[in-house]
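Shown next, in structure tokens, is the structure this report addresses.
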Amino acid sequence: MQLVRGLHNLRPQHRGCVATIGNFDGVHRGHQAILERLRERALELGVPSCVVIFEPQPREFFAPELAPARLARLRDKLQLLADAGVDRVLCLAFNQRLCKLSAAEFVDTILVDGLGVQHLEVGDDFRFGCDRVGDFDFLQQAGVMRNFTVEAAQTVELDGVRISSTKVRDALASGDFSLAERLLGRPFQIAGRVLHGQKLARQLGTPTANIQLKRRRVPLTGVYLVSVEIDGKTWPGVANIGVRPTVSGDGSAHLEVHVLDFAGDLYGRRLTVAFHHKLRDEQRFASLEALKTAINADVAAARAYWLGQPLKKSLK
Ligand SMILES: Cc1cc2nc3c(=O)[nH]c(=O)nc-3n(C[C@H](O)[C@H](O)[C@H](O)COP(=O)(O)O)c2cc1C
Ligand SMILES: Nc1ncnc2c1ncn2[C@@H]1O[C@H](COP(=O)(O)OP(=O)(O)OP(=O)(O)O)[C@@H](O)[C@H]1O
């Protein structure tokens with residue numbers, strides 16, 4: 001998959017494609033349906049498929065403090081889009097200039113002059129352009145004049161409710177991982193590189209892999225049953241995601257995983273952690289000894305869970 005960063009990096013050979021536009025945070029089953037349709041249309045027309053995304057996402061630009069935590073970092077979003085068979089991503093900087101573009105200017109500058117779009121696939125609720133004035137009807141009219149077709153993707157629902165990134169965030173916040181998995185079509189995962197920690201965990205008796213989060217906000221906090229893939233094998237584990245109030249720190253969120261019965265060196269490796277069940281909230285303990293007792297109980301609960309239940313299909 002090719003990544004084009006910014007309109008100025010589009011070249012004449014990029015013109016001619018089928019496209020869709022949106023945040024695609026988490027690439028949930030609603031997104032996957034649009035991407036599937038996009039791939040079909042690309043094959044029919046013999047042109048590449050292109051997904052237009054924004055960085056930052058519009059809500060992060062307008063109200064950074066109020067914007068919800070991302071389900072996936074840009075890097076992981078790009079991987080998910082590549083996995084869905086997308087040929088090209090145009091990543092536009094969402095800034096003052098872009099947010100002031102009228103719907104007509106957006107169509108002319110980005111879709112027609114920039115991408116030479118032949119077909120556009122969007123959700124029926126899709127809105128764009130300054131003050132979100134552009135909608136499906138607007139696009140259809142623009143398409144007649146500028147020679148591209150537009151199709152509204154069918155809404156994908158789960159139990160009668162439209163699937164959205166917001167619904168996935170709500171499921172994670174309430175610890176409903178089976179719902180999150182049904183919305184996403186896969187377990188919720190966080191990937192990152194293993195860094196050196198304060199080396200306290202060894203003293204606590206449970207060595208942990210400290211995974212770099214590289215994000216300002218995370219969509220979940222607490223202690224979880226997780227699984228981690230290492231060299232093609234899936235290992236059960238227990239993870240804490242939070243600010244570690246007992247040992248204090250810089251207030252930033254950390255993800256730490258204790259992989260059950262694993263003894264190898266994980267420093268520097270990139271791990272993907274899949275979340276399956278919430279054990280408890282993160283707590284501030286009065287002493288390291290009390291924290292150690294709690295972590296031992298978490299590990300025991302993880303063992304009981306994985307022993308008592310056959311590994312889910314998605315865990316191999
Ligand atoms: C399963 C598990 C549960 C944890 N629960 C808490 C907790 O409730 N409160 C807390 O302050 N830290 C918690 N931690 C984080 C520990 O404080 C942290 O692992 C320890 O300080 C070691 O840090 P280090 O790897 O940087 O040395 C937990 C860690 C694990 C692995
Ligand atoms: N459940 C769904 N069914 C069909 N299309 C969808 C669905 N969810 C999103 N889309 C479409 O996918 C594209 C990208 O959506 P986008 O990520 O911007 O919104 P979203 O998933 O609804 O997220 P949020 O909850 O943050 O609004 C848009 O065209 C949108 O209309």
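The values are calculated or read from the model by the stated rules, or taken from the named source; none is laboratory data. What you see is a predicted model, and the numbers here were worked out from it, not measured in a lab. In this analysis, Cβ positions are derived from the backbone assuming ideal geometry, glycine residues included, and neighbour counts consider all displayed protein chains. Protein only, heavy atoms only, side chains kept; ligands, DNA and RNA dropped before computing areas. Shrake-Rupley method; radii C 1.70, N 1.55, O 1.52, S 1.80 Å.
Label zone (residue 252, point 7 Å along Cα-to-C-beta; backbone nitrogen cut-off 20 Å) within region 65-79: 65-77. In order along region 181-191, the Karplus-derived 3J(HN,Hα) couplings, from 6.51 cos²θ - 1.76 cosθ + 1.60 at θ = phi - 60°, round to 5, 6, 6, 8, x, 6, x, 5, 10, 10, 10 Hz, and Gly and Pro are given as x.
Seen against the Cα atoms of the chain and their longest principal axis, helix 29-45 is set at about 40 degrees.
Summary of the geometry: region 226-291 and region 144-223, compared by the centres of their Cα atoms, lie 16 Å apart. Computed over protein heavy atoms with a 1.4 Å probe, the accessible surface of the chain works out to 50 Å² per residue. Considering region 163-206 at the alpha-carbon level, its Rg and Dmax are found to be 15.4, 44 Å. Here the relative contact order of the chain, from alpha carbon pairs under 8 Å that lie six or more residues apart, stands at 16 percent. Per atom type, the chain shows carbon and sulfur on 52% of its accessible surface, probed at 1.4 Å. Under the combined filter of DSSP loop state and at most 12 neighbouring Cβ atoms within 10 Å, region 49-144 retains these GluC sites (Glu not before Pro): 65.
Within region 63-177, the proportion of C-alpha pairs whose separation exceeds 26 Å stands at 31%. When the scattering of the chain is computed by the Debye formula from its Cα atoms alone, each counted once and equally, what is log10 I(q)/I(0) at q = 0.15 Å⁻¹? So the normalised log intensities work out to -1.17. Can you tell me the orientation of helix 136-146 relative to the chain, as the angle in degrees between its alpha-carbon axis and the longest Cα principal axis, to the nearest 10? Around 40 degrees separate the two axes. Between residue 108 and residue 196, full extension at 0.36 nm per residue minus the direct alpha carbon distance yields a gain of 26.8 nm. Given the rule -39500 (n - 2.57) for each run of at least 4 DSSP H residues, summed and divided by the residues of the chain, what is its mean residue ellipticity at 222 nm, to the nearest 500 deg cm²/dmol? -8500 deg cm²/dmol, from helical runs alone. Charged side chains reduced to their Cβ positions (Lys and Arg at +1, Asp and Glu at -1) give region 188-310 a dipole of some 360 debye around its Cα centre.
Length gained on full extension, residue 3 to residue 93, computed as 0.36 nm times the residue gap minus the Cα-Cα distance: 31.1 nm.
Comparing 118, 228, 67 along the charge dipole axis of the chain, the residue lying farthest to the positive side is 228, per the Cβ-charge model. In Å, the Kirkwood hydrodynamic radius of region 1-153 over pairs of distinct alpha carbons? Over region 1-153, the inverse of the mean reciprocal pair distance is 15.5 Å.
Isolated cysteines in the chain, defined as those with no second cysteine Cβ under 4.7 Å, comprise 91, 99, 130.
Placing unit charges on each Cβ (+1 for Lys and Arg, -1 for Asp and Glu) gives the chain a dipole about its Cα centre, and among 26, 129, 293 the Cα reaching farthest toward its positive end belongs to 293.
If you sort 80, 307, 288 by accessible surface, 1.4 Å probe, largest first, the order is 307, 288, 80.
Axis angle, to the nearest 10 degrees, between helix 288-308 and the longest C-alpha principal axis of the chain: 70 degrees. Label point of residue 233 set 7 angstrom out along Cα-Cβ; within region 276-311, amide nitrogens under 17 Å from it belong to 307, 311.
Only Lys, Arg, Asp and Glu carry charge here, each on its Cβ (+1 for the first two, -1 for the last two); on that basis region 87-146 has a dipole of about 260 debye about its Cα centre. A simple charge model with +1 on the Cβ of Lys and Arg, -1 on the Cβ of Asp and Glu and nothing else charged puts the dipole of the chain at about 940 debye relative to its Cα centre.
Out of every Cα pair in region 205-316, what percent are spaced more than 17 Å from each other? In whole percent, the long-distance tail amounts to 54.
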